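The values are calculated or read from the model by the stated rules, or taken from the named source; none is laboratory data. For clarity, every value in this text was computed on a predicted model and none was experimentally measured. Neighbour counts are summed over all protein chains in view; Cβ atoms, including those assigned to glycine, are modelled from backbone coordinates with ideal geometry. With ligands, DNA and RNA removed, areas are computed over all heavy atoms of the protein, side chains included. Shrake-Rupley method; radii C 1.70, N 1.55, O 1.52, S 1.80 Å.
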Amino acid sequence: MQGHFSAMDARNRRGWLLFVAVLACVLAAQSLLVFNPGYLSHDELQWAYYARQANGGFFGNGLWGDLHAFQYRPLTFSLWIELSRGLFEHPYAFHAVLVAWGAINAGLLAVLLRRSGAGGAVAWLAALVFALGPYAAHTHGWVATIADLIWVSCALLIASLLTSGVRLVLALPAMFMLCSMALLAKESAIVIPALVALGWWFSGRDKRWAWGFAVTAMPVVIYLALRLSSILFAGGTAGSIYQWSLLNIPVRWFEYQVFPMLPSRLGAGDFLSKGLGNRGIIVAMAWWLLLAWSLGSAGGRWLAAFLLAGVVALGPVLVLADAANHYGYGFAAVTASVCALAWTRLTASGRVILILIGVICVWHGANIMRSMHDIGTKQAHFSPQLAEAVAANPSPVRLRPEKEKDRWIYIRLTHDIPAYRGVPIGDRVQLVPEGEPADYLIRSDGSLQRLAH
């Protein structure tokens, strides 16, 4: 008995060391996201405004009662309000919270993989590829992705309970609560029972996973009974990303599969407009086929796990009108998991292929980090100076980017912003086409230069 507890203590110590190692590596590698002086898009600016207007505390802000809202995410939005109130004017601190949260998720994944049979080094590397890849880099660096961090955290904690040996009488209520929290964060959490069902199949039909499926399915069934019509019919207006169709599934699936192997692409959507004949897409497809071949050569169940787990993790986002990086966060976690657990069964060439794909993914993530830091630097200059310009001019302020390729950045940073630092913005800003008269030039660093008329 004493030897049993000694072995258990040793495993726990190794698990904590692995967790801390992953946490430290992710924080160091994503320091560019932490030390981002600004923000990416209109979402952060809008919620900073709403945070100032919201009354009541965490549960008294009116977000919890409207079950028929299209985006019923009271846990996410309440947390976002509280964080915006305290941290919006301190972007380093705000970004540090999200990057640390993402690093914790990566640490949880590493420990989960180690418990599931992966070697320590393989679990560590797989967690780093997940955290530093394009989907997670974007999710950790954008404040608007709190919902994705929450639901993936809850899914990882559920899997951790199922693999930790905690008695079911204690684990089952905790899993019910975690799944409920995930659903209050984002609709994507409806996939959690299906992921647990795959875990049951992959674990050799372990009864713990069967119980896990039953207890996580309960809140999902209740949630869908209350919310399904709102999800399906309340937000799919024409031209919206939420306009859904079953015909979107093959295109979205393809985009999410090959995007990690397109290191020059910043977004997971819209790259198919160039056609399948684009050289970069052809190369990315070749890498994906090599990955599938490598997993298939390790055994059909590994290829099946890769394909099925990917579809399940993406779940409802496959029907949407466009792909988005943060929607692939859970997909990246399950893909890294399958690759790590298949490692010992791969051929030498299969391992080389996985290593090279991992390098490409991390390179892609680094490119996204640099881009997000650049946009944040621009926003830190642009938004305060825009507020000053709007306050000083009674007419709509006309802006023109110095670099036309940056126009999309400022479209997002001026979209539906009620106010910034107390200055009403609204429709008092116009981004004029190239060549038309403007009041200000948006310079390459985001600052404004007054133009003579």
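Given the structure, is ALA155 in a helix (DSSP H, G or I) and in contact (Cβ under 8 Å) with a residue 60 or more places away in the chain? Yes; evaluated as a whole, the condition is true for this residue. Flag set for PRO173, criterion: modelled with pLDDT of 95 or more, open to solvent by 50 Å² or more (accessible area, probe 1.4 Å), farther than 18 Å from LEU108 by Cβ and part of a helix (DSSP H, G or I). The set of residues in the stretch 89-126 that are open to solvent by less than 60 Å² (accessible area, probe 1.4 Å), over 21 Å from ALA51 (Cα atoms) and of a type in the set (Val, Ile, Thr) comprises VAL99, VAL111, VAL122. When the stretch 340-352 is filtered for residues that are open to solvent by 20 Å² or more (accessible area, probe 1.4 Å) and in a helix (DSSP H, G or I), the ones remaining, listed by number, are LEU341, TRP343, THR344, ARG345, ALA348, SER349, ARG351, VAL352. Does at least one position in the stretch 35-43 carry a residue that is free of Cβ contacts under 8 Å to residues at least 40 places away in the same chain and either part of a loop (DSSP other than H, G, I, E, B) or under 25 Å from GLU187 (Cα atoms) (or both)? No, the stretch 35-43 contains no residue that is free of Cβ contacts under 8 Å to residues at least 40 places away in the same chain and either part of a loop (DSSP other than H, G, I, E, B) or under 25 Å from GLU187 (Cα atoms) (or both). Restricted to the stretch 337-391, and to residues that are in contact with a Phe, Trp or Tyr (Cβ under 7 Å, 6 or more places away or on another chain) and among the small types (Gly, Ala, Ser), which residue is farthest from ALA136 (Cα to Cα)? Out of the qualifying residues, it is ALA389. Could you look through the stretch 406-452, keep only residues that are under 27 Å from ARG52 (Cα atoms) and of a type in the set (Gly, Ala, Ser), and pick out the one that is surrounded by the most Cβ atoms within 10 Å (Cβ to Cβ)? Ranking the candidates gives GLY446 first.
Scanning the stretch 307-319 for residues that are surrounded by fewer than 22 Cβ atoms within 10 Å (Cβ to Cβ) and either of a type in the set (A, V, I, L, M, F, W, C) or not in a helix (DSSP H, G or I) (or both) returns LEU307, LEU308, VAL311, VAL312, LEU318, VAL319. When each of ALA69, ALA51 is tested for being at pLDDT below 95, open to solvent by less than 60 Å² (accessible area, probe 1.4 Å) and touching an Asp or Glu at 6+ places or on another chain (Cβ under 9 Å), the lone residue that passes is ALA51. Helices (runs of 4 or more DSSP H) fully within the stretch 207-306 that include at least 1 residues being in contact with a helix residue (DSSP H, G or I) (Cβ under 6 Å, 6 or more places away or on another chain), over 30 Å from GLY165 (Cβ atoms) and at pLDDT 95 or above: 249-258, 279-298.
Across the stretch 419-438, the number of residues qualifying as outside any loop (DSSP other than H, G, I, E, B) and among the β-branched types (Val, Ile, Thr) comes to 2.
Taking the stretch 127-149 as the range and being assigned to a helix (DSSP H, G or I) and open to solvent by 10 Å² or more (accessible area, probe 1.4 Å) as the test, the residues that pass are LEU128, VAL129, LEU132, HIS138, ALA144.
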